[in-house]
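Peer 1: Would you mind keeping the following structure in view while I ask a few things?
The values are calculated or read from the model by the stated rules, or taken from the named source; none is laboratory data. Since we're looking at a predicted model, the values are computed, not measured. When we count neighbours, we look across all protein chains shown, and the Cβ atoms used for this are built from the backbone with ideal geometry, even at glycine.
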Ligand SMILES: [Zn+2]
């Protein structure tokens, strides 16, 4: 089984708790995932909305240095990749792959040049917000949320130009439609489910999802029960109606995984990365092996081939 996961908060949690990536008390670590054949994991540096502009940048730098140190120490097992080519090469050598993301644009402050600075450090995906307000846009939990600011439009322009993937998870709906209007390339929602199945501001409407289908984008389904069934308890099976619904909307080539490991409470029968094999078997049983492989790996691989 291969596994491509578009979002986890493990590296931020490791930094906060002074633990490593190989063995730790987290939902995700390399040891627990060692039986996965080809494993590509996006590690997000999560930036709290409450930090000041400079505080946010400082925090990013600290977690980033920590991430680099981990990658260095574990370089026989995992490779920090910045392009599709690097990713494929690492997998051929039997290594796990790490991609780096930022969750929450506050680390930019109001400095457009930081988009390029982050790109040069290897950041390849960035959500435009977390739940609150930033200089770029309003997050989905802001009341009467607005769309992208003028600065926000500059930011997405720069991201497209550089090839940093725009991640609309957490973005309020107005901002989403601004992204649609002001971009040409496909973009992604790394960890979001269907609002038609579970009414939550973090989930995507059918109309939003259809944009991903039209543009050959990517949507990673989130394992967090609050976004699958609206409560804090549940089983991983409850994600299946979301996948069914996305399939009805023509999403066979768009559906991917966005676990939210170490950023959310997991379902009862999905303690962490060690349980994704069980989930894969569920998908095989329901959708057949070819489609299960698409959702677990190949759709994201295809997207990175086209866009990274
Ligand atoms: Zn998140």
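Peer 1: List the helices (runs of 4 or more DSSP H) that sit entirely inside region 264-308 and contain at least 2 residues that are in contact with a strand residue (DSSP E or B) (Cβ under 9 Å, 6 or more places away or on another chain). It would help to see each step written out before you state the result.
Peer 2: Working: elements: 276-287, 289-293, 299-307.
Fully inside region 264-308 and qualifying: 276-287, 299-307.
Peer 1: Tally the residues that are more than 16 Å from the ligand (Cβ to nearest atom), buried (at least 18 other Cβ atoms within 10 Å of the Cβ) and within 20 Å of residue 69 (Cα to Cα), restricting the search to region 3-31. Please lay out each step first, then the result.
Peer 2: Applying the first criterion (more than 16 Å from the ligand (Cβ to nearest atom)) to region 3-31 yields 3-4, 14-15, 17-25, 29-31.
Checking which are buried (at least 18 other Cβ atoms within 10 Å of the Cβ) leaves us with 3-4, 14-15, 21, 24, 29-30.
Narrowing further to those that are within 20 Å of residue 69 (Cα to Cα): 14-15, 21, 24, 29-30.
Of the residues in region 3-31, 6 are more than 16 Å from the ligand (Cβ to nearest atom), buried (at least 18 other Cβ atoms within 10 Å of the Cβ) and within 20 Å of residue 69 (Cα to Cα).
Peer 1: So is residue 230 touching a helix residue (DSSP H, G or I) at 6+ places or on another chain (Cβ under 6 Å), at positive phi and either without any contact (Cβ under 8 Å) to a residue 40 or more places away in the chain or more than 16 Å from the ligand (Cβ to nearest atom) (or both) or not?
Peer 2: Values: touching a helix residue (DSSP H, G or I) at 6+ places or on another chain (Cβ under 6 Å): no; at positive phi: yes; either without any contact (Cβ under 8 Å) to a residue 40 or more places away in the chain or more than 16 Å from the ligand (Cβ to nearest atom) (or both): yes.
Spelling it out, it is not the case that residue 230 is touching a helix residue (DSSP H, G or I) at 6+ places or on another chain (Cβ under 6 Å), at positive phi and either without any contact (Cβ under 8 Å) to a residue 40 or more places away in the chain or more than 16 Å from the ligand (Cβ to nearest atom) (or both).
Peer 1: Can you tell which of 100, 50 is within 23 Å of residue 115 (Cα to Cα), within 16 Å of the ligand (Cβ to nearest atom) and within 17 Å of the chain's Cα centre (by Cα)?
Peer 2: Working: 50 fails: within 17 Å of the chain's Cα centre (by Cα).
100 is the lone residue from the list that is within 23 Å of residue 115 (Cα to Cα), within 16 Å of the ligand (Cβ to nearest atom) and within 17 Å of the chain's Cα centre (by Cα).
Peer 1: Taking the conditions exactly as written (farther than 17 Å from residue 229 by Cα and at pLDDT 95 or above), does residue 260 satisfy them or not?
Peer 2: Numbers: farther than 17 Å from residue 229 by Cα: no; at pLDDT 95 or above: yes.
Against the criterion (farther than 17 Å from residue 229 by Cα and at pLDDT 95 or above), residue 260 does not qualify.
Peer 1: Could I ask something else about it? In region 163-174, which residues are within 12 Å of the ligand (Cβ to nearest atom) and in a loop (DSSP other than H, G, I, E, B)?
Peer 2: The answer is 168, 169, 170.
Peer 1: If residue 72 meets every condition in (1) modelled with pLDDT of 95 or more; (2) touching a helix residue (DSSP H, G or I) at 6+ places or on another chain (Cβ under 6 Å) apart from one, which number is that one?
Peer 2: Here residue 72 clears every test but (2).
Peer 1: Return the pair list, or none, for Cβ contacts closer than 6 Å from residues in region 44-55 that are farther than 11 Å from residue 131 by Cα and touching a residue at least 60 places away in the same chain (Cβ under 8 Å) to residues that are within 12 Å of the ligand (Cβ to nearest atom) and in a loop (DSSP other than H, G, I, E, B), at least 6 apart or on different chains.
Peer 2: 44/9; 46/9
Peer 1: Moving on. For residues that are away from the ligand (no atom under 16 Å from the Cβ) and either touching a residue at least 24 places away in the same chain (Cβ under 8 Å) or touching a strand residue (DSSP E or B) at 6+ places or on another chain (Cβ under 8 Å) (or both), tally how many sit in region 32-43. Before you say what the answer is, go through the steps one by one.
Peer 2: In the first step, residues of region 32-43 are kept if they are away from the ligand (no atom under 16 Å from the Cβ); the result is 32-40.
Among the residues that remain, those that are also either touching a residue at least 24 places away in the same chain (Cβ under 8 Å) or touching a strand residue (DSSP E or B) at 6+ places or on another chain (Cβ under 8 Å) (or both) are: 32-33, 35-40.
Residues flagged as away from the ligand (no atom under 16 Å from the Cβ) and either touching a residue at least 24 places away in the same chain (Cβ under 8 Å) or touching a strand residue (DSSP E or B) at 6+ places or on another chain (Cβ under 8 Å) (or both) within region 32-43 amount to 8.
Peer 1: Restricting attention to region 144-155, does a residue exist that is surrounded by fewer than 23 Cβ atoms within 10 Å (Cβ to Cβ), away from the ligand (no atom under 16 Å from the Cβ) and within 29 Å of residue 38 (Cβ to Cβ)?
Peer 2: The answer is no; no qualifying residue exists.
Peer 1: Of all the residues that make up region 118-136, how many are within 15 Å of the ligand (Cβ to nearest atom) and touching a strand residue (DSSP E or B) at 6+ places or on another chain (Cβ under 9 Å)? Spell out the reasoning first.
Peer 2: If we filter region 118-136 for residues that are within 15 Å of the ligand (Cβ to nearest atom), which is where we start, we get 125-132, 134.
Now narrow it down to the ones that are touching a strand residue (DSSP E or B) at 6+ places or on another chain (Cβ under 9 Å): 125-132.
The qualifying residues number 8.
Peer 1: Something else: Any residue in region 181-188 that is more than 16 Å from the ligand (Cβ to nearest atom), touching a helix residue (DSSP H, G or I) at 6+ places or on another chain (Cβ under 7 Å), in a helix (DSSP H, G or I) and under 30 Å from residue 206 (Cα atoms)?
Peer 2: Within region 181-188, one or more residues are more than 16 Å from the ligand (Cβ to nearest atom), touching a helix residue (DSSP H, G or I) at 6+ places or on another chain (Cβ under 7 Å), in a helix (DSSP H, G or I) and under 30 Å from residue 206 (Cα atoms).
Peer 1: Taking region 189-227 only, how many residues are part of a helix (DSSP H, G or I) and within 16 Å of the ligand (Cβ to nearest atom)? Working first, answer last.
Peer 2: Filtering region 189-227 down to residues part of a helix (DSSP H, G or I) leaves 206-215, 225-227.
Next, only the ones that are within 16 Å of the ligand (Cβ to nearest atom) stay: 225-227.
Counting residues in region 189-227 that are part of a helix (DSSP H, G or I) and within 16 Å of the ligand (Cβ to nearest atom) gives 3.
Peer 1: Additional query: Select from region 244-263 the residues that are part of a helix (DSSP H, G or I) and in contact with a helix residue (DSSP H, G or I) (Cβ under 7 Å, 6 or more places away or on another chain) and list them in ascending order.
Peer 2: Residues of region 244-263 part of a helix (DSSP H, G or I): 244-248.
Passing the criteria: only 246.
Peer 1: Please indicate, with yes or no, whether at least one residue in region 247-258 is away from the ligand (no atom under 16 Å from the Cβ), within 28 Å of residue 11 (Cα to Cα) and exposed (fewer than 15 other Cβ atoms within 10 Å of the Cβ). Before you say what the answer is, go through the steps one by one.
Peer 2: Step one: of region 247-258, the residues away from the ligand (no atom under 16 Å from the Cβ) are 247-255.
Those still in the list that are within 28 Å of residue 11 (Cα to Cα) too: 254-255.
Going one step further and asking which of them are exposed (fewer than 15 other Cβ atoms within 10 Å of the Cβ), we end up with none.
Looking through region 247-258, none of the residues is away from the ligand (no atom under 16 Å from the Cβ), within 28 Å of residue 11 (Cα to Cα) and exposed (fewer than 15 other Cβ atoms within 10 Å of the Cβ).
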